[in-house]
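Every number in this text was worked out from the coordinates using simple rules, so none of it is lab data. If you're wondering where the values come from, they're calculated on a predicted model, not measured in any experiment. In this analysis, Cβ positions are derived from the backbone assuming ideal geometry, glycine residues included, and neighbour counts consider all displayed protein chains.
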Amino acid sequence: MTELLAVAVAVLGAGLALTVVLLLRARSELSAERKRSAALEADLDAALRPRPAATATERAVRRVVETATRVREHGFAGLLGRSLDDLASWAADERTEIANIAASDGTVTLLFSDIEGSTELNHRLGDAAWVRLLAAHDTVVRSRVERYRGQVVKTAGDGFMVAFRDAEAACRAALGVQRDLRRSLDPKLRPVRVRIGIHTGTVVSRDGDYFGRNVAMAARVADKAVGGEVLASAAVVEALDDDAAVELVKAADVELRGLPGRHELFRVERKDAR
C-alpha cells in the first residue's frame, strides 16, 4: 500500500511539474506573439505615416495643387472672400503674429482631447493616484502626437490642444491614442476614457498659442464626443485625401455652444475597422 501511494505521489508530482513547464512555455510564446504583433503594428503605422514634402520643389508643387483645387471648388471670389474675413479678424488685434501659420493655405488641423468624467475619477482615486494616472495618460498622448508630427500647443489638467499640418495625421494620431489606451497593460490607465474632437481651419498664432473661431470650433466638437470616441467636423472631411487611411462616418447634426447654426459631425474610424 505504501509503495502504491509513493508511486501515485510521484506520478502526481511529475504531472504537476509537466503542467508548470507547459504553462511557462505557453506564457513565453504568448509574450513573444504580443511583441511580434506590436512590432508589425508599429511597422504598419510607420509605413502609412503621413510624410511631409521632402524638398522645396515638392512643397511648391503641393501648394500649387492645393490652391488650384480650392479655386476650382470655391472660385476666386470665394477664396478671396474667406481670406478677407480672416484678415479682418486678425487685424482686430494689433499684437497678432501670423508668421507661424502651419500650412501653406493658412490652415491647421486642431485636436482637442480630455478625460471623460475626470473630476469624479480624481475624487474616486485620490490626488496621488490621479497624478500618476495623468502622467501615464500624457505619455500615451505625447507618443502618438510625436509619431504623427503634431505639436502640443498647450495642456490644461487632463486636456490637450494639439496642432497638425494635415487632417489625416490628426485623425490617425487620435485613433492611435484610443487604441493605445484600450490595449494598455498599465493598470493606472484602465479607468481612462478620452474624448477627442478634430477640426481644420485658419487660426491666429501668437506666442506659441493659437486663437480664433476655428479653435473654439475644435473645442466644441470635442465637447460632443463621448469617452473612447473621436469626432470630426465637416471641414476635416473636405481636407482628407481620397486615399486616406481613415474613414469619417456621419454621426449627427448638432448645435455647438457659442457657434451659430447646426453643424455636421463625423465619427473617425480606421478604414479596415468595418
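For the reader, a short list of remarks on this structure follows.
- For THR202, THR109, THR139, THR119, order by how many other beta-carbon atoms lie within 10 Å, fewest first: THR119, THR139, THR202, THR109
- Average Cα contact separation per residue, region 106-273, under 8 Å, 6 or more apart, as relative contact order %: 24 percent
- Residues whose placed amide H lies under 5 Å from that of VAL153, excluding near-sequence neighbours: MET161, VAL162, ALA163
- Spin-label model, ASP242/ASP207: points 7 Å from Cα along the beta carbon direction are separated by 4.6 nm.
- Under the Karplus curve 6.51 cos²θ - 1.76 cosθ + 1.60, θ = phi - 60°, whole-Hz ³J(HN,Hα) for region 195-207, x wherever Gly or Pro sits: 10, 9, x, 10, 8, 10, x, 7, 9, 10, 10, 8, 6
- When the listed pairs LYS188/LYS271; LYS188/LYS224; LYS224/LYS250 are checked against a 23 Å cut-off, the alpha-carbon distance exceeds it for LYS188/LYS271; LYS188/LYS224.
- Trypsin sites (Lys or Arg not before Pro) within region 127-175, DSSP loop, no more than 15 other Cβ atoms inside 10 Å: ARG149
- For VAL203, the residues whose modelled amide H falls within less than 5 Å of its own, excluding neighbours fewer than 5 places apart on the same chain, are VAL108.
- Charged-residue dipole, Cβ positions (Lys, Arg, Asp, Glu), region 171-223 about Cα centre, Debye nearest 20: 320 debye
- By the beta-carbon count within 10 Å of each Cβ, the least crowded to most crowded order of VAL221, VAL177, fewest first, is VAL177, VAL221.
- Along region 148-156 the Karplus relation, 6.51 cos²θ - 1.76 cosθ + 1.60 evaluated at θ = phi - 60°, assigns HN-Hα couplings of 9, 6, x, 10, 6, 7, 6, 10, 8 Hz to successive residues, with x for each Gly and Pro.
- Gain on full extension, evaluated as 0.36 nm per residue between THR155 and ARG124 minus their Cα-Cα distance, stands at 8.9 nm.
- Residues HIS199, HIS137, sorted so that the one with the fewest Cβ neighbours within 10 Å comes first: HIS137, HIS199
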